[in-house]
Structure formats: C-alpha cells, structure tokens
1. Give the residue list of chymotrypsin sites (Phe, Trp or Tyr not before Pro) in the range 32-113 that are DSSP loop and have at most 14 other beta-carbon atoms within 10 angstrom.
2. Just subtract the alpha-carbon distance of residue 94 and residue 50 from 0.36 nm times their residue separation and send over the number in nm, one decimal.
3. Pop out the carbon and sulfur fraction of the accessible area of the range 27-80 as a percent, whole number, probe 1.4 Å.
4. What residues qualify as long-range amide H neighbours of residue 182, i.e. H under 5 Å apart, gap of 5 or more or another chain, H built at 1.01 Å from N?
5. Counting only heavy atoms of protein chains, what accessible area per residue, in Å², does the range 47-188 have with a probe of 1.4 Å?
6. Using a 7 Å offset from the Cα along the Cα-to-Cβ direction at both residue 160 and residue 105, what is the distance between the two label points in nm, to one decimal?
7. Under unit Cβ charges (Lys, Arg +1; Asp, Glu -1), what dipole magnitude, rounded to 20 debye, does the range 84-196 have relative to its Cα centre?
8. Which ³J(HN,Hα) values in Hz, rounded to whole numbers, follow from the phi angles of the range 107-116 under the Karplus curve 6.51 cos²θ - 1.76 cosθ + 1.60, where θ = phi - 60° and Gly and Pro get x?
Amino acid sequence: ILVINDISSLRKLEELRKQFVTDISHEIKTPISVIRANSETLSSTGAINDPTLANKFLKSILNNSKRLSEMLDDLLELEKIEFGGLVLKKRKFLVKDQIELILDSQQALADENQISISNYIDKEIFLRADKDSFTTIFSNLINNSIKYSKHRGNIDLKAIQNHDALIISISDDGQGIEKQNLTKIFNRFYRTPKARASTKGTGLGLALVKQLANRMNADVSVDSKIGKGTTFFVTFTTK
C-alpha cells in the first residue's frame with residue numbers, strides 16, 4: 001500500500017508562521033527598547049523632577065507605546081487573514097457613502113495638514129463585498145495619501161465601473177515613490193527611506209491592504225512619479 005500526502009500547503013503555512021515570528025521579533029524591538037530606555041532614565045537619573053526633561057521622555061514613551069499598539073493590532077489582523085481566520089460577510093452598499101464615512105473619520109488629520117479631499121465617485125455606484133474589509137482598505141489608503149501629500153495638497157477619489165469590474169482610485173500630489181520601491185511597498189514592515197524620515201508608521205498598512213484585497217478577490221496596484229504624486233487603484237470583480 002502506497003500512501004501519498006501533499007504537504008506543500010502545510011510547509012507553506014509553517015514558513016509563513018516562521019516569517020511572521022521573525023518579523024515581529026525584529027520590528028517590536030525598537031519601540032520596546034525606547035520605552036525601556038526612557039523609563040530607566042526617568043527613574044534613575046532624577047530627570048523626572050525636571051519638568052522639561054520629564055515631558056520629553058514621557059512623550060517619547062507615549063509615542064512608542066502607541067506605535068507598538070498599532071503594530072500589534074495590524075499584525076493580529078494580518079495573521080487572521082493569512083491563516084484563514086477572516087470570515088467575509090458580503091453586503092450591498094453604496095460606495096460613495098462608505099467612502100464619505102471614512103473621510104469623516106480622517107477629516108481632523110486632513111485639516112491639520114490643510115489637505116483638500118474631493119470625492120468624485122458617482123453616488124449611484126454600489127458594491128457587494130465585505131464592508132469591514134472595504135473600510136479597512138480605504139482607511140489605510142486615504143490615511144497614507146493624507147500623510148504623504150504636500151502641505152495644502154489635494155487628494156482625489158474616483159471610480160470607473162464597467163460590466164465586470166469596479167476600479168476605485170485615490171490620487172495625491174505628494175512626493176511620490178521611487179520606481180525601484182514600487183514593488184516593495186506592499187511588503188510587511190517596508191517603508192521607503194523618505195517615509196521613515198518624514199512620517200510615523202508601522203509599515204504594515206499596505207501589507208494589510210494587499211492581503212485584504214486578495215481575500216476579496218480584488219487587486220491593488222500603484223502608479224507614482226517623483227514630485228508629481230501617487231495613485232493607488234483597487235479593482236473589484238463584480239461579475
């Protein structure tokens with residue numbers, strides 16, 4: 001009797017888990033080290049009695065604890081998607097209305113950066129998909145567009161619908177992404193040198209977008225030119 005078992009999927013799952021643990025171990029080390037160093041400084045050097053120094057160290061602790069919390073939330077969401085724990089619930093909804101809800105939640109950040117956002121999506125366009133996943137995808141993309149747009153910049157949201165697909169685009173007029181980095185930006189924890197220097201982030205947002213889109217049988221692509229801006233396209237199959 002010869003029994004043959006295909007264990008390729010099991011090996012792939014094991015490799016994913018190993019990579020997942022490696023990524024976590026590497027990336028959480030920095031914020032934890034900063035939190036520990038600042039805490040030790042406050043407690044051992046008397047800096048806590050100096051209001052200026054104490055405020056500086058406490059602010060650093062707060063910022064890094066927030067980053068660590070966001071990172072863990074995103075990692076747990078990624079793990080749920082990658083290992084089959086995400087259950088999609090398809091519902092029919094109006095795309096423009098859902099995008100408006102997302103924009104409302106990020107209006108404060110847009111106002112802070114004096115960013116003008118225009119939603120040109122037709123109010124009659126609807127989509128049957130998992131609304132929570134849709135919201136997560138576009139919350140991340142809109143948040144990125146706000147962060148990487150130039151001061152007093154503009155962001156445009158548009159949609160094209162044909163008989164078998166809906167394509168939603170988000171365009172900003174920010175600094176753009178170098179051509180050699182376009183294939184890497186959807187990798188977990190990857191952030192371009194310019195992004196690391198100018199903005200805060202976990203480097204997990206676009207990886208989450210890509211994974212969610214794949215689970216929804218959608219496709220995410222990007223087009224960018226240095227000094228001109230970046231456009232992300234999310235294509236949903238509707239047939």
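1. Values: sites: 57, 83, 93; in loops: 83.
Filter output for the range 32-113: 83.
2. Numbers: separation 44, 0.36 × 44 = 15.84 nm, distance 5.44 nm.
This chain segment gains 10.4 nm when fully extended.
3. Here it works out to 57 percent.
4. Amide H neighbours of residue 182, under 5 Å, 5+ apart: none.
5. Working: 8020 Å² over 142 residues.
Value returned for the range 47-188: 56 Å² of accessible area per residue.
6. Label-label distance for residue 160 and residue 105, simple model: 2.8 nm.
7. Numbers: 18 positive and 14 negative charges, 106 e Å.
Computed about the Cα centre, the dipole is about 500 debye.
8. Calculated HN-Hα couplings, in order: 5, 4, 5, 5, 5, 4, 9, 6, 9, 9 Hz.
The values are calculated or read from the model by the stated rules, or taken from the named source; none is laboratory data. This is a predicted model, so every value here is computed, not measured. Note that we place each Cβ from the backbone using ideal geometry, even for glycine, and neighbour counts take in every protein chain shown. Side chains included, ligands, DNA and RNA excluded: accessible areas come from the protein's heavy atoms. Shrake-Rupley method; radii C 1.70, N 1.55, O 1.52, S 1.80 Å.
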